[in-house]
Amino acid sequence: MLRRAAPSVATAEPIVHVLDVEAAEGLPARRVAIGPGPLTVGRGAQAGLVLPSGDVSRSHCIMAMDGEAVIVTDLGSTNGTIVDGRRIEAPARLIPGARLVLGPFTLVYRNGRASDLARTEEVEKDLARAGRYVEALLPLPIADGPVRATWRFVPSTNIGGDGFGYGWIDQHRFAMWLLDVSGHGAGSALLAASVMNLLRVHSLPGTDFTDAAAVLAALNDRFQMDRQGGMYFTIWYGVYDTRTRLLGFGCAGQHPAFMSVPGDADAQALWVKNPAVGLAEDWPYRRAEVAVPAGARLYLFSDGAFEIQTADGRQLTLGDFLPLLGRPAMPGATEPERLWRAVRGAARPGPLDDDVSLVTLDFT
Amino acid sequence: MDVVVVEADGAPMCLVLTGRLDAAATELVETSVMAHVRRAPGHVLMDMAGVSFVGSLGIRLLISAARTADRAGRRVAIFGVQPAVAEVFRTIALDDLIPVLPDQAAALAQIRT
C-alpha cells in the first residue's frame, strides 16, 4: 500500500492538560481538558466539571493555568480538596500524575502532547482488556456443599499477573490454586490466563490433577522461563479429598496459604519449599498433606495483599497481614471483602502497586 | 541501584549491588550485570549487603546471571544478603538454585569447591 510521506517539517505540537475522572458513583470514567480559561469543579450545575455527590460542595475547587502549570484552589469546600493524600490549605501546583480526591471521586492530572496522551490511553485500554480477560476466567463463588468458596480480586492499574481458581476434579476431590506471574502488564496477564485455562480444563496430558507435586512438575516442564519471554510464576496448588479429609498441597515459590481452625488461636501456615515455576528445569517438586477439621477455613492470597506501602511510607510484610486473619467477621461482608477493606485502609491513598487476590475456602 | 565491579588478580569478579532491585531498577542494571557476568574470566560473586529489596524481575536477573555463568562452565555465588531479602530468596527457593552465603570468605570457599 502506498502511503503519502509525512510532512518533513515537524510542527511543534502544543502541550495539553487533562483531568482523567475515574469511574465512581455510577459515572463512567472520562477525560476533561483544562483549557486556557479556569475550570470550576463542583456539585452545582453551573460548574465546568459537575461531580454529583453530596460529599462534593456546590463550588468545590477551581483549576487555572499559570503559564505551563495548572494550579488548583479549594473554594472553601466542606470536605476539602485532597491532592496526593493531603488536604490543600493554599493554591497548589499540580504535578503530572497528581491524584485529586473530591468526595467519592478521583481525578488524575496529566499533561503532554495530544498524540502521546492518546497513545498512553490506548495502552491503558489494552491493559484494561487484558485485566478483564483474566477476570472472566475467575470462578463463581460456591455457596453450598462440603467446600464453600468466595473471593475478592482487585487488579492494579498496570495488571500484576495474579490468577486463581478452584473446582471439583471428580465426585470427591476439590482443587484450589492461586498464582502470580513475575512482572506487570499485558504479558504477565496473558501468561496468567494461559495457565488458568490449563488448570481449569485439566489440559496437561498425562498429569494427575489430584497430585499437587505432579501438577507443579508438569507446569514447570511446560513453562520454562527461557521459553516464556523471561517470565515465571509462583503458585500454590492444593487438592482436598472429602473421604479422607486430607488436603494435599504443593507450593512453588509462593508464601504459604493459611488454615484457621475454630478454637485455635493462630492460623497454620501451609508451605513446602520449591522454586517458582520456570526457574529450574526438571525440579523434583515436593508436596505435603494436612488434615482438615470440620469448620476449617483456608486463606489463599497474593503478595499484593500484604506487600503494601502505608501512608507514612512503611513497607508492610506478611507478618503485618496475618493478624487480620484472626479478626471477627464483618456483618454484611464476605471474609475476602473484610480483608480487602483492611488492606485498602492500611495502604497509602491511590491505586495499589500490585494485584490483590483474596480467596477463602470453608470446609464443612 | 548501583553496580560496582571489583576485580583483582587471581580473585573472582565481585559485583557489589546497592539499592532496591525493583522492576524499574532491574531494567536499568540488567544489561550491565549480564555483560559483566558474560565477560568475567572465572566465577562471579555478588555482594548484596546493600540491597534492601528484590522484586520478581530482580529474581529473574539473578537466575539469568547464574544460568549464563553455568553455560560457560562458571558459577555465581551471592553473599551478605539482608534478612528481608533472605526471606524472599527462601520463599521462592532461590537459595536452592544459587549458593547464598553469609559473607565473602564463605562465598569464595563455596565457589572454589
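Could you pull out the residue among B:E27, B:E87 that is surrounded by fewer than 17 Cβ atoms within 10 Å (Cβ to Cβ), within 11 Å of another protein chain (Cβ to nearest Cβ), closer than 22 Å to A:Y232 by Cβ and free of Cβ contacts under 8 Å to residues at least 12 places away in the same chain? It would help to see each step written out before you state the result.
On the way: B:E27 fails: free of Cβ contacts under 8 Å to residues at least 12 places away in the same chain.
After ruling out the rest, the residue left standing is B:E87.
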State which residue pairs qualify: first residue farther than 20 Å from A:L279 by Cβ and free of Cβ contacts under 8 Å to residues at least 12 places away in the same chain and inside the stretch A:241-269, second residue in a strand (DSSP E or B) and among the small types (G, A, S) in any location, beta carbons under 9 Å apart, and separation of 6 or more residues or different chains. A:T244/A:A291
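Looking at the stretch A:353-361, is at least one residue touching a helix residue (DSSP H, G or I) at 6+ places or on another chain (Cβ under 6 Å), of a type in the set (D, E), more than 12 Å from chain B (Cβ to nearest Cβ) and surrounded by 15 or more Cβ atoms within 10 Å (Cβ to Cβ)?
Keep residues of the stretch A:353-361 that are touching a helix residue (DSSP H, G or I) at 6+ places or on another chain (Cβ under 6 Å), which gives A:354-356, A:358, A:360.
Filter once more, keeping what is of a type in the set (D, E): A:354-355.
Going one step further and asking which of them are more than 12 Å from chain B (Cβ to nearest Cβ), we end up with A:355.
This time we only want the ones that are surrounded by 15 or more Cβ atoms within 10 Å (Cβ to Cβ), so: A:355.
Yes, some residue in the stretch A:353-361 is touching a helix residue (DSSP H, G or I) at 6+ places or on another chain (Cβ under 6 Å), of a type in the set (D, E), more than 12 Å from chain B (Cβ to nearest Cβ) and surrounded by 15 or more Cβ atoms within 10 Å (Cβ to Cβ).
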Filter result (farther than 30 Å from A:A143 by Cβ, crowded, with 19+ Cβ neighbours inside 10 Å and within 28 Å of the chain's Cα centre (by Cα)) within the stretch A:273-307: A:N274, A:P275, A:A276, A:V277, A:G278, A:L279, A:A280, A:E307
Selection from the stretch B:51-70 of residues that are surrounded by fewer than 20 Cβ atoms within 10 Å (Cβ to Cβ), facing chain A (nearest Cβ under 8 Å) and more than 12 Å from the chain's Cα centre (by Cα): B:F53
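What number of residues within the stretch B:4-21 satisfy the criterion of being in contact with a helix residue (DSSP H, G or I) (Cβ under 7 Å, 6 or more places away or on another chain), without any contact (Cβ under 8 Å) to a residue 60 or more places away in the chain and on the phi < 0 side of the Ramachandran plot? Steps first, answer last, please.
Step one: filter the stretch B:4-21 for residues in contact with a helix residue (DSSP H, G or I) (Cβ under 7 Å, 6 or more places away or on another chain), giving B:5, B:12-13, B:15, B:19, B:21.
Those still in the list that are without any contact (Cβ under 8 Å) to a residue 60 or more places away in the chain too: B:5, B:13, B:15, B:19, B:21.
Subset that is on the phi < 0 side of the Ramachandran plot: B:5, B:13, B:15, B:21.
The number of residues fulfilling the criteria is 4.
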Do you know which residues across the stretch A:219-256 are in contact with a Phe, Trp or Tyr (Cβ under 9 Å, 6 or more places away or on another chain), in a strand (DSSP E or B) and within 14 Å of chain B (Cβ to nearest Cβ)? A:F233, A:I235, A:W236, A:G250, A:C251, A:A252
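Would the stretch A:261-269 turn up any residue that is within 14 Å of chain B (Cβ to nearest Cβ) and touching a Phe, Trp or Tyr at 6+ places or on another chain (Cβ under 8 Å)?
Within the stretch A:261-269, the subset within 14 Å of chain B (Cβ to nearest Cβ) is A:269.
Filter again for touching a Phe, Trp or Tyr at 6+ places or on another chain (Cβ under 8 Å), leaving A:269.
Yes, the conditions are met somewhere in the stretch A:261-269.
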Test B:T18 against the criterion of being more than 14 Å from chain A (Cβ to nearest Cβ) and among the polar types (S, T, N, Q), and give yes or no. yes
Subset of the stretch B:30-50 that is part of a helix (DSSP H, G or I) and among the hydrophobic types (A, V, I, L, M, F, W, C) - its residue that is surrounded by the most Cβ atoms within 10 Å (Cβ to Cβ): B:V33
Looking at this structure, is A:A342 surrounded by 15 or more Cβ atoms within 10 Å (Cβ to Cβ), in contact with a helix residue (DSSP H, G or I) (Cβ under 6 Å, 6 or more places away or on another chain), without any contact (Cβ under 8 Å) to a residue 60 or more places away in the chain and not aromatic (F, W, Y)? yes
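State all residues of the stretch A:269-316 that are out of contact with any Cys (no Cβ under 7 Å at 6 or more places or on another chain) and among the aromatic types (F, W, Y); if no residue qualifies, say none.
Of the residues in the stretch A:269-316, the ones out of contact with any Cys (no Cβ under 7 Å at 6 or more places or on another chain) are A:269-270, A:273, A:275-316.
Scanning the stretch A:269-316 gives A:W283, A:Y285, A:Y299, A:F301, A:F306.
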Contact list please: Cβ distance under 9 Å, first residue in the stretch A:345-362 and within 19 Å of A:V147 (Cα to Cα), second residue part of a helix (DSSP H, G or I) and among the aromatic types (F, W, Y), pairs at least six apart or on different chains. A:L358/A:W340
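Taking A:F164 as the residue in question, decide whether it is among the aromatic types (F, W, Y), in contact with a helix residue (DSSP H, G or I) (Cβ under 9 Å, 6 or more places away or on another chain), buried (at least 21 other Cβ atoms within 10 Å of the Cβ) and within 23 Å of A:F306 (Cα to Cα). Step through it out loud before you land on a result.
Details: among the aromatic types (F, W, Y): yes; in contact with a helix residue (DSSP H, G or I) (Cβ under 9 Å, 6 or more places away or on another chain): yes; buried (at least 21 other Cβ atoms within 10 Å of the Cβ): yes; within 23 Å of A:F306 (Cα to Cα): yes.
Against the criterion (among the aromatic types (F, W, Y), in contact with a helix residue (DSSP H, G or I) (Cβ under 9 Å, 6 or more places away or on another chain), buried (at least 21 other Cβ atoms within 10 Å of the Cβ) and within 23 Å of A:F306 (Cα to Cα)), A:F164 qualifies.
Each value in this text was obtained by applying a stated rule to the coordinates, not by laboratory testing. Since the model is a prediction, treat every value here as computed from it, not as a measurement. Methodologically, a virtual Cβ is constructed for each residue, glycine included, from the backbone with ideal geometry; neighbour enumeration extends over all protein chains shown.
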